[in-house]
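The values are calculated or read from the model by the stated rules, or taken from the named source; none is laboratory data. Since the structure is predicted, the reported quantities are computational estimates derived from the model, not experimental observations. All Cβ positions, even for glycine, are placed from backbone atoms using ideal geometry, and neighbour counts span all protein chains on display. Note: areas computed on protein heavy atoms with side chains; ligands, DNA, RNA excluded. Shrake-Rupley method; radii C 1.70, N 1.55, O 1.52, S 1.80 Å.
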Amino acid sequence: MVGLERYEAINRGEALAKFQIAKRINAEKAESLDEMLEIHRKLKREFAKVLESGDVPDEKPDYSFMHLKRDILYEMLKSCNFCERRCGVNRYEKKGFCKCGVTSYFSSEFLHVGEEPELVPSHTIFFNRCTFACVFCQNYDIVYEDDYIVDARELAYIIDVRRRQGSKNVNFVGGNPDQHAHTIAEILLYVESNVPVVWNSNMYHSEELAEVIEDFVDVWLGDFKYGNDECARKYSKVANYWKVVTRNFLRAKENGELLIRHLVMPNHIECCTEPIVRWVAENLGRDTRFNLMFQYYPTFKAWEYPEIARRLTREEMEKAARIAEKYLSNLV
Ligand code: SF4
């Protein structure tokens, strides 16, 4: 599949998932976040060389690049800037907008067969909570609850079991995975199998978070929801949406493989669907793998917004499909 060559090579056993490479790069321990970030910057260059050459060390050191990433993420929690809400709270003491402290919770995990064809069966882990507050949230039962405490060793064991059962990837989703990046890094330290990591996200993470997690994300499965800031503010309560997500999509393309999803919304073809597909074609390439989704239905608080309080009409679906086909050549 165009754009997912490395992902497919991992599944054929011809390449290593990034987190397994990161676990094979030796790192020094440090006390302060600044020192850790300095070491991290140097090791990123080494990691990039190993990734490109495929010349991966056999041994796993006691303290690796992946351990360093885990420790950095736990330090970042003391003034949380995982996403562009930049709450700055100490998550060891209080919760920010996403209502997450240090402990992560998840709702379910299973082999999902309803994802894009190249991803199924996908071992999907639904984390609780989200950094957005979408009025039409289709997973509000997951987002506004804390279900099961994540035990990193136990979930890693389950990821290995699901791999043996045939999973093509481990797919971290929610809600959203970004606010649980520290926990996910910890889980990956215990995972033994060579399984590609899919980051199924709203793409509203900070650059500081991208700098750390991009070396263990193999495929960015990014939602591109809105074509402008006004719709993003109105329906998801976020600021600077367009600038943040376009920056993150460009960075994701530089640092991994990319699959984009766009949920078409009623009355939002001209303001959202069209600018999104045009930007993707012009900036990420016409052949970007793109899933145009028509399954929107009004739920949660969508009833308070008459313009989105219904399903799509046939005309809207046809119009969105025509626009996507005009700009893009690799539609799911
Ligand atoms: S992840 Fe985002 S929303 Fe949650 S506390 Fe951190 S900055 Fe705030």
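Subtracting the Cα-Cα distance of LEU250 and GLU270 from their residue separation scaled by 0.36 nm leaves 4.9 nm. Between 0 and 90 degrees, the angle of helix 152-164 with respect to the longest Cα principal axis of the chain falls at about 70 degrees. Extension gain for GLU304-ARG153 works out to 50.1 nm (0.36 nm per residue, less the C-alpha to C-alpha distance). Only Cα pairs within less than 10 Å get springs; with that Gaussian network setup on the chain, which residue of GLN179, GLN295, GLN20 has the largest fluctuation? With Cα springs under 10 Å in the chain, the top fluctuation among GLN179, GLN295, GLN20 is at GLN295. On segment 5-327, 48 percent of the accessible area sits on carbon and sulfur atoms, based on a 1.4 Å probe. Kirkwood radius for the chain, taken over all pairs of different Cα atoms as the inverse mean of 1/r, rounds to 20.3 Å.
Using a simple spin-label model with pseudo-atoms 7 Å out from Cα toward Cβ, GLU116 and GLU31 lie 4.6 nm apart.
Remark: segment 237-330 carries 48 Å² of accessible area per residue (probe radius 1.4 Å; ligands, DNA and RNA excluded).
When the chain is treated as a Gaussian network with alpha carbon springs shorter than 10 Å, the biggest mean-square fluctuation among ILE149, ILE187, ILE260 belongs to ILE149.
Of the chymotrypsin sites (Phe, Trp or Tyr not before Pro) found in segment 241-326, those in coil by DSSP whose Cβ has at most 15 other Cβ atoms within 10 Å are PHE294.
Between 0 and 90 degrees, the angle of helix 33-53 with respect to the longest Cα principal axis of the chain falls at about 80 degrees. Near LEU258, once Lys and Arg are set to +1 and Asp and Glu to -1 for all other residues with Cβ below 13 Å from its Cβ, the sum equals -4. Applying the criteria of a DSSP loop state and at most 13 other Cβ atoms within 10 Å to the chymotrypsin sites (Phe, Trp or Tyr not before Pro) of segment 41-124 yields TYR63, TYR92.
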